[in-house]
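Q: Take a look at the following structure, please.
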Amino acid sequence: MDNPNLQLSPAVEKQLQPRWSKTVANTVSALVLAVLLGASYYPAEINNWPMLFTDAGNMMIFLKDFLHPDFTDLVMFIQKMLETIYMALWGTFLSVIAGVFFSLLSSNNVAPAWIVFPTRRLMDSARAINELVFAILFVAAVGLGPMAGVMALCVHNLGVISKLFSEAVESIDMRPVEGIRSSGGGYLHEIIYGVIPQVLPLWSSLTLYRFETLVRSATVLGIVGAGGIGFTFYESFRAFQYDRAATIIIVMVISVSLIDMLSSRLRKILI
Amino acid sequence: MDNPNLQLSPAVEKQLQPRWSKTVANTVSALVLAVLLGASYYPAEINNWPMLFTDAGNMMIFLKDFLHPDFTDLVMFIQKMLETIYMALWGTFLSVIAGVFFSLLSSNNVAPAWIVFPTRRLMDSARAINELVFAILFVAAVGLGPMAGVMALCVHNLGVISKLFSEAVESIDMRPVEGIRSSGGGYLHEIIYGVIPQVLPLWSSLTLYRFETLVRSATVLGIVGAGGIGFTFYESFRAFQYDRAATIIIVMVISVSLIDMLSSRLRKILI
Amino acid sequence: ANGMPKQLNFGIIATESTTTLEDSFGPLVKEMEKSLGVPVKMFFASDYAGIIEGMRFKKVDIGWFGNKSAIQAVDRANGEVFAQTIKDSGERGYYSLLITNKDSGLNSLEDVLKCDGSKTFGNGDPNSTSGFAIPGYYVWALNNKTPEECFKRVVSSNHQGNAIAVATGKVDVATNNTETLYDRIPKTNPKMAGKIKEIWRSPLIPSDPMVWRKDLPEELKQKILYFFIQFGRFGSPEKVKKERDILANTSDGWGPFLASSDAQLLDVRQIEAFKKKLKAERNGDKEGIKKAEAELAQLKKTADIVGQGGY
Amino acid sequence: MDMVIDIEGLNKTFGKNQVLKNINLKIQTGEMVGLIGASGSGKSTLIRSIAGLETMDHTSKHIKIFSEPTQLGHRRTSSYRSLRKDVGIIFQQFNLVGRLSLLTNVLIGRLAHNPSWKGIFKLFPKAERIKALQALERVNMVDYAHQRSSTLSGGQQQRGAIARALTQEAKLILADEPIASLDPASSDRVMNLLCDINNQDGTTVVVSLHQFEVATTRCDRIIALRDGEIVYDGKACGISNADLIELYGVEEGICNLGAERPTPIMKAG
Amino acid sequence: MDMVIDIEGLNKTFGKNQVLKNINLKIQTGEMVGLIGASGSGKSTLIRSIAGLETMDHTSKHIKIFSEPTQLGHRRTSSYRSLRKDVGIIFQQFNLVGRLSLLTNVLIGRLAHNPSWKGIFKLFPKAERIKALQALERVNMVDYAHQRSSTLSGGQQQRGAIARALTQEAKLILADEPIASLDPASSDRVMNLLCDINNQDGTTVVVSLHQFEVATTRCDRIIALRDGEIVYDGKACGISNADLIELYGVEEGICNLGAERPTPIMKAG
Ligand SMILES: Nc1ncnc2c1ncn2[C@@H]1O[C@H](COP(=O)(O)OP(=O)(O)OP(=O)(O)O)[C@@H](O)[C@H]1O
Ligand SMILES: Nc1ncnc2c1ncn2[C@@H]1O[C@H](COP(=O)(O)OP(=O)(O)OP(=O)(O)O)[C@@H](O)[C@H]1O
Ligand SMILES: [Mg+2]
Ligand SMILES: [Mg+2]
């Protein structure tokens, strides 16, 4: 062991051979990424980056307007925030209920391929079809107002939740599931005893992340006339009332932080 | 074992006692959720749900307009899609680079609490502050156009990526990390050999999910005048050209599906 | 729809306003409820698409629109213009503008139309009447040019975005309108306003119309129309004063409504039809040209009857 | 007599590495079979294949459990699912659900004995919970019933896995190194348990073991795997020391082994 | 002579369960110590505490490694990190990184011997790779060097973990049941290895073992834990059969045990 080079056994020699396959694969993927980024460099005008520094002063001037929040309407903003939370709560709740179902159907380690493929495509569509289409769709049925917003958020969110939840499911340890399978547990038992306990912490954080996103959502709620904090922000922002906008930002940052802290807490309990 | 009730040993008797703590905790959380949902029922106008069925005919009428996609501008739409992909590519790339860093700093099992807390709050802000603020901020520096959009998307995305990545990090198995720690590996070694290999499959799917979201993004790119497919969709949609909108939806659904399939493929390679 | 509806749904498009919309419209709507005897529910939407489709499916009864979106409400959602808002100053409309930075060296439309390809242009949102359609017609179409061939770069944003871009020198020329440039920006950002100057002004654009659903019960329509026309006009001076105050605090500050009709939209319709014709000519689309010409002729005929601008 | 396990021509390949080579094996009701072989010789893979957790290569013939085919060639048959409740497995890596309590993990063994909806809502009748607790008592783990199983020590987890398989009251038990992490007394207790259910209930038991003195004293029949091939199948007493040397594929080690510890093979022979 | 491990008043409680009770322990350079005790008696927790992976209760006094305190009361000291490279651990559950190749896992043992940036970029000099491969050869695993470690069999993973600890060339090795999943020949090979590094390199070895015949033949000193207390600490030959009965806490089992298999304790005594 002192001079390991002296005499190597043939077995060691053999394993010392360089392994090309992996190196080649890595190099190729790095190259593809580099080429794509290079090709997008000018179209995306990334070449303007020096301006980020030369014209940083402009940013400062813009930001300065936010430094004097106007708290006169704070109570109203908090009320708007609660309004949004009402809608986000229902939107999240409904989409999580459905999302659990669809995410399991779109997980390769839980459902057979002929179910996974169409379910995934369906969920892709729920995400890809612009939320506004769903918003108007529900306006046609239930009229303007929160309900149409909730439903539109819910459908879009279902697509996202299913995707995120199923990524979590696909990264579980399959051994406990095998344990249940071989104890004679049925398919649903495998899910309830083997899959859910493993993904629960991740699922609950992801749910709270989506809840937070819905609370921030403005476009859909705006178009169906459901109001909410995001919409109020737009109003102020578009009217250049940066002092009010700053207050709304503060309200939103605090809410998002609270939700995030809740999610950490929940996680700790669940892990 | 035939009649298990006959005579139970004291040890078994003891473990048979009902365990209240868990039942109580579960009941309380279910109650809290129920109360919240109940309180939001009327404000969110969920009571309108029967209309979803009585007025389903309206939805059909609305959807019918989408049944005849107009493919004349297909080439233009695909080109717009590519434009958006350019921007999304850079936005995602930059935010993932920074996100890896920040997500590790905001994971409780990897970084100390006094770093996690401020980092998480910073990332919460990146998500909570409306993207439009960042959009205008960067317009002030680099002017209207794709670059401002890329930067605004990037900052917001950084907040999301850090959150999602760190949730993944917090759900890893810590035993391999302990293995590296006790072999004398440094902090960075623990991350590179212990954490990253475990989260890589999930990280790559999450990255592609965010990439897909950026490709769909419209508001920010719209306000900075960077165009893209989302903006083109808005134009058609708001002009009630549902035949064109339908074509764009098809383009988007296909793209999102392709990205999702790429993510499954990547996952399979990485697992 | 023969019986009276239990509730009247009033769709309001949230434009760039300076006060909270609910506070702003609340008193007016309360008066309306009193007068009509039905509850009126306000919906503030960030975009007209929801309100128009809502109207199409009878979920919205009255809407406040811009000229261009009102066309959609009329054509698509069976709506009808019945009133027009005016400013509390009595102005019956506003003007579309081209603006530049005070130091840009550009002084007139001719300077812009030199089209030397060295400048950048901030166009409006394609759905904006004053930001896109009006300049598109009067500045570009009538001069047989397009922004794309005139400028080094064309970007599009809303009025605020364009104003900032001009004030900070990020674009050289941009579209805007008198309401944004002279009412809103000076209030919120006087420093920026001082850096901007106007170099071209369009003909008058009639101010925003009120649209109702054509198939509302006749009785209700009469009540609504009566309410809008008398409000701030009829009655004791105290009542008028009170109502005028309410109007002055609604939206950007309104005066009493004027009666109006679909004819108010003729101008904008003509612009749109002309643009269609130009586009068809450019594409060599013979059928399109014919269609656009027929539409123009039809509009002309209507205008001959009801008068240009519907007055 | 009934055939519990009937394997013909089982091949299993991972990548380029053929791990099981033309395995032919028949095991009858009530047998107690010890599976021995060096580390990496394919014991776990064989057990997992019998349980239907690995699919055979398409060059294989069949696996039948209780005379019903569970795998034909490359395909699992439909009876694979219905048979599982009669096959209890003790996994080498325990395969407990870490976030659930030990008791719940053991109750999982009772799922197949109750209406499926009860299991779905986690409703276990008192009698079932008593059964589970008594199984835990048999492996000396009843005091840990409500501890989360991920926090148990290695040997405690192993005993939990054994309790789960016991409560399942299966007709065939496949135990993969069930005493690897156990101290001598616990090992003995567990081996006694396995012998008991074999003797009294007539349960067929296949147990893979590294301690061949345990295998030879406890099992009627020994199957020895080497590099994925069955190199010995017969009475425990028939194994010679030379067989063992060949089996574990060492020259130097085995002498040492012979010298420093008693060779139970001799005794058994 | 230098004190490698010096523990005073170590208490460790999980929830309400006190797992280690006032442990006092001194181990000197070059000792080969066997740690025995029933499953759940606290062997792994003791080893993990020495390694600094568990923090003691605040009622505890100290743990010193190479005379430097790593834990004082409830607190880890700063020297804990710097000392880790001299303490090699073989974990009961192997703690390999499943998605990395076996070779990379073994190379992790070399991280502390190279400039830290090289490890960060996964650059290992050829000499290091040879060292790792030779360690794998010593546990008979060199052919599996490029297999992903999660796909290795139980015993193969265990040998991988041993190879990782060997390449680390630590001054103290803590091995937690390193031969639990191994066949007799591999076990022997591994125990020979541990004895070798102890004899030749003077590495201090603490090894927890269930097979007390192995412990008594291989180790100079035996420490026996029962319910978190040290109940025996001394020469291997000093343990009586009565001690063992008390140790594993069984009355019925042990007779059985005595009858059915040779009791190596007698021989050693
Ligand atoms: N994280 C934990 N939380 C709660 N209890 C724990 C935890 N880790 C260990 N224990 C308990 O501590 C006791 C000692 O565990 P330890 O792993 O040290 O036992 P051991 O002697 O190594 O046993 P084995 O031989 O089975 O590995 C056990 O009763 C175990 O249940
Ligand atoms: N999923 C897999 N992918 C690739 N190779 C595998 C896989 N599972 C097992 N192997 C290989 O198959 C061979 C047999 O493994 P198996 O687990 O059956 O061994 P074993 O006899 O149970 O060994 P041990 O006594 O160590 O548990 C080993 O060489 C192992 O590396
Ligand atoms: Mg095995
Ligand atoms: Mg242990």
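The values are calculated or read from the model by the stated rules, or taken from the named source; none is laboratory data. On a predicted model such as this, the values are computed, not experimentally measured, just so you know. Methodologically, a virtual Cβ is constructed for each residue, glycine included, from the backbone with ideal geometry; neighbour enumeration extends over all protein chains shown. We work out accessible area using only protein heavy atoms, side chains counted, and drop any ligands, DNA or RNA first. Shrake-Rupley method; radii C 1.70, N 1.55, O 1.52, S 1.80 Å.
Matching residues to (1) more than 8 Å from every other protein chain (Cβ to nearest Cβ); (2) over 14 Å from the mean Cα position of the chain (by Cα); (3) basic (Lys, Arg):
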{"site": "A:SER125", "(1), (2), (3)": "no, yes, no"}
{"site": "A:GLU131", "(1), (2), (3)": "yes, yes, no"}
{"site": "A:PHE134", "(1), (2), (3)": "yes, yes, no"}
{"site": "A:LEU137", "(1), (2), (3)": "no, yes, no"}
{"site": "A:ALA140", "(1), (2), (3)": "no, yes, no"}
{"site": "A:GLY145", "(1), (2), (3)": "no, yes, no"}
{"site": "A:ALA152", "(1), (2), (3)": "yes, yes, no"}
{"site": "A:SER162", "(1), (2), (3)": "yes, no, no"}
{"site": "A:ALA168", "(1), (2), (3)": "no, no, no"}
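Q: Could you tell me whether the range D:21-30 includes any residue that is open to solvent by 20 Å² or more (accessible area, probe 1.4 Å), within 14 Å of chain E (Cβ to nearest Cβ) and within 12 Å of ligand 2 (Cβ to nearest atom)?
A: no
Q: Among the residues of the range E:187-196 satisfying the criterion of being away from ligand 3 (no atom under 16 Å from the Cβ) and within 26 Å of D:PRO178 (Cβ to Cβ), which is farthest from the other protein chains (Cβ to nearest Cβ)?
A: Looking at residues that are away from ligand 3 (no atom under 16 Å from the Cβ) and within 26 Å of D:PRO178 (Cβ to Cβ), I get E:LEU194.
Q: Let me ask something else about it. Looking only at helices (runs of 4 or more DSSP H) that lie completely in the range B:1-118, which have at least 1 residues being under 30 Å from B:PHE134 (Cβ atoms) and more than 9 Å from every other protein chain (Cβ to nearest Cβ)?
A: In the range B:1-118, the matching helices (runs of 4 or more DSSP H) lie at B:74-105.
Q: A further question follows. Run down C:LYS152, C:LYS191 and say which single residue is surrounded by fewer than 19 Cβ atoms within 10 Å (Cβ to Cβ), out of contact with any Phe, Trp or Tyr (no Cβ under 8 Å at 6 or more places or on another chain) and within 20 Å of B:VAL224 (Cα to Cα).
A: Going through C:LYS152, C:LYS191 in turn, the sole match is C:LYS152.
Q: Which residues, counting only those in the range E:20-34, are within 15 Å of ligand 1 (Cβ to nearest atom) and farther than 22 Å from E:LEU83 by Cα?
A: E:LEU20, E:LYS21, E:GLY34
Q: Kindly provide the set of residues from the range A:176-222 that are at the interface with chain D (Cβ under 8 Å from one of its Cβ atoms), touching a Leu at 6+ places or on another chain (Cβ under 9 Å) and either of a type in the set (A, V, I, L, M, F, W, C) or part of a helix (DSSP H, G or I) (or both), ordered by number.
A: A:PRO176, A:GLU178, A:GLY179, A:ILE180, A:ARG181, A:SER182, A:HIS189, A:TYR193, A:PRO197, A:LEU200
Q: Do we have A:SER264 as within 18 Å of the chain's Cα centre (by Cα) and assigned by TED's automatic domain parsing to the domain that holds A:MET151 here?
A: Yes, satisfied.
Q: Output the residue which, of all residues in the range D:43-94 that are within 12 Å of ligand 3 (Cβ to nearest atom) and touching a helix residue (DSSP H, G or I) at 6+ places or on another chain (Cβ under 9 Å), is farthest from D:GLY9 (Cα to Cα).
A: D:GLN93
Q: Consider D:VAL106 against the criteria (1) within 20 Å of the chain's Cα centre (by Cα); (2) within 16 Å of ligand 1 (Cβ to nearest atom); (3) surrounded by fewer than 24 Cβ atoms within 10 Å (Cβ to Cβ): it satisfies all of them except one. Which criterion is unmet?
A: (3)
Q: If you take the residues of the range D:161-186 that are β-branched (Val, Ile, Thr) and away from ligand 4 (no atom under 16 Å from the Cβ), which of them is nearest to the other protein chains (Cβ to nearest Cβ)?
A: This residue is D:THR167.
Q: Right, here's the next one. Only residues that are under 21 Å from the mean Cα position of the chain (by Cα) and open to solvent by less than 10 Å² (accessible area, probe 1.4 Å): list them for the range E:111-121, please.
A: Hit for the range E:111-121 is E:LEU111, nothing else.
Q: Could you tell me which of the residues B:ALA56, B:ALA44 is surrounded by fewer than 13 Cβ atoms within 10 Å (Cβ to Cβ), among the hydrophobic types (A, V, I, L, M, F, W, C), more than 30 Å from B:SER171 (Cβ to Cβ) and not assigned by TED's automatic domain parsing to the domain that holds B:ALA152?
A: Of B:ALA56, B:ALA44, the one residue that is surrounded by fewer than 13 Cβ atoms within 10 Å (Cβ to Cβ), among the hydrophobic types (A, V, I, L, M, F, W, C), more than 30 Å from B:SER171 (Cβ to Cβ) and not assigned by TED's automatic domain parsing to the domain that holds B:ALA152 is B:ALA56.
Q: So which of D:LEU96, D:LEU111 ends up being at pLDDT 95 or above and facing another protein chain (nearest Cβ under 9 Å)?
A: The conditions single out D:LEU96.
Q: Would you confirm, using the coordinates I've provided, whether E:GLY15 is away from ligand 3 (no atom under 16 Å from the Cβ), of a type outside the set (Val, Ile, Thr) and open to solvent by less than 30 Å² (accessible area, probe 1.4 Å)?
A: When the stated conditions are applied, E:GLY15 does not pass them.
Q: Among the candidates E:THR59, E:THR55, which residue alone is open to solvent by 10 Å² or more (accessible area, probe 1.4 Å) and within 16 Å of ligand 1 (Cβ to nearest atom)?
A: E:THR55
Q: For the range A:223-267, how many residues are within 14 Å of chain C (Cβ to nearest Cβ) and either not β-branched (Val, Ile, Thr) or not in a helix (DSSP H, G or I) (or both)?
A: Residues that pass the stated criteria total 21.
Q: Does D:LYS43 meet the test of being away from ligand 1 (no atom under 16 Å from the Cβ), of a type in the set (Lys, Arg) and crowded, with 20+ Cβ neighbours inside 10 Å?
A: Yes; evaluated as a whole, the condition is true for this residue.
Q: Additional query: Within the range D:65-75, can one find any residue that is modelled with pLDDT of 90 or more, open to solvent by less than 30 Å² (accessible area, probe 1.4 Å) and among the small types (Gly, Ala, Ser)?
A: For the range D:65-75, residues modelled with pLDDT of 90 or more, open to solvent by less than 30 Å² (accessible area, probe 1.4 Å) and among the small types (Gly, Ala, Ser): absent.
Q: Here is a further query. Could you list, in sequence order, all residues of the range D:213-240 that are within 15 Å of ligand 3 (Cβ to nearest atom) and over 22 Å from D:ASN22 (Cβ atoms)?
A: D:ALA215, the sole residue that qualifies.
Q: In addition: Given the criteria within 16 Å of ligand 2 (Cβ to nearest atom) and open to solvent by less than 10 Å² (accessible area, probe 1.4 Å), does D:GLN158 qualify?
A: Here the answer is yes, as D:GLN158 does meet what is asked.
Q: Just the residues that are in contact (Cβ under 8 Å) with a residue 12 or more places away in the chain and surrounded by fewer than 24 Cβ atoms within 10 Å (Cβ to Cβ), please, taken from the range C:49-60.
A: Listed by number, the residues that qualify are C:ARG56, C:LYS58.
Q: Conditions: (1) open to solvent by 20 Å² or more (accessible area, probe 1.4 Å); (2) within 11 Å of chain B (Cβ to nearest Cβ); (3) in contact (Cβ under 8 Å) with a residue 40 or more places away in the chain. C:ASP75 meets all but one. Number of the miss?
A: (3)
Q: Would you check which residues across the range C:163-173 are in contact with a Leu (Cβ under 9 Å, 6 or more places away or on another chain) and either open to solvent by 20 Å² or more (accessible area, probe 1.4 Å) or facing chain B (nearest Cβ under 10 Å) (or both) and list them?
A: Residues satisfying the conditions are C:ALA165, C:LYS170, C:VAL171, C:ASP172.
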